[in-house]
Amino acid sequence: MKSLSPILFFFLLISCRESPKPIEKTENVSIPSSFEKGISTNIGETGFTIDLPQTHKIEERKGPDFAVYYITPIDTNLYKGGAGIYFGANPDEHGPESAVSRNVFADSALNKNATVTTYITPTYTWIETLVNESDSSKIQFWYFANDSRELGFLGNVMKTLDRVKNDSLK
């Protein structure tokens, strides 16, 4: 029986030590580079709306004292990222377990002071915003994607989150 040649042995050694590959990127697909206004969608009974793109759906999950709304792609071959909105008193503020860096800064959202946290993982970026409401409840929304075009697209979707306009006050 012949032994492995040194070159073949070296190649096998290197290939076994290769880092895990990131999840498939959404390159060369038609993710809009600019946000086209979606369909104004009521978010359950929260008193908020969001412009939901026709490419995504929203699903509600209720707990005893909170509600979470997940915005997910209809075509998961085209879109890999997602978003969510939490309404309640105790949001999770830990970010993804695989985060390798975290940046926190003050900003504003929904006409209130907010804390924004950006998490970088080996395969995607996660951006999370936390807003304290006056009644001690909180609104937390986040979005994530593994490429900058989709991340920007989802960020623009989340910027449309707004309180329901009450036309009867006119």
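Please treat every number below as a calculation from the coordinates, not as lab data. Because the structure is a prediction, the values reported are computed rather than measured. All Cβ positions, even for glycine, are placed from backbone atoms using ideal geometry, and neighbour counts span all protein chains on display.
Can you tally the net charge around Gly95? Count Lys and Arg as +1, Asp and Glu as -1, for every other residue whose Cβ sits under 12 Å from the Cβ of Gly95.
Details: positive: Arg102; negative: Asp92, Glu93, Glu97, Glu128.
Residues close to Gly95 contribute a combined charge of -3.
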Share (percent) of C-alpha pair distances in the range 36-129 greater than 20 Å works out to 47 percent
Of the convex hull enclosing the alpha-carbon atoms of the range 74-170, the direction-averaged projected area in nm² is 7.9 nm²
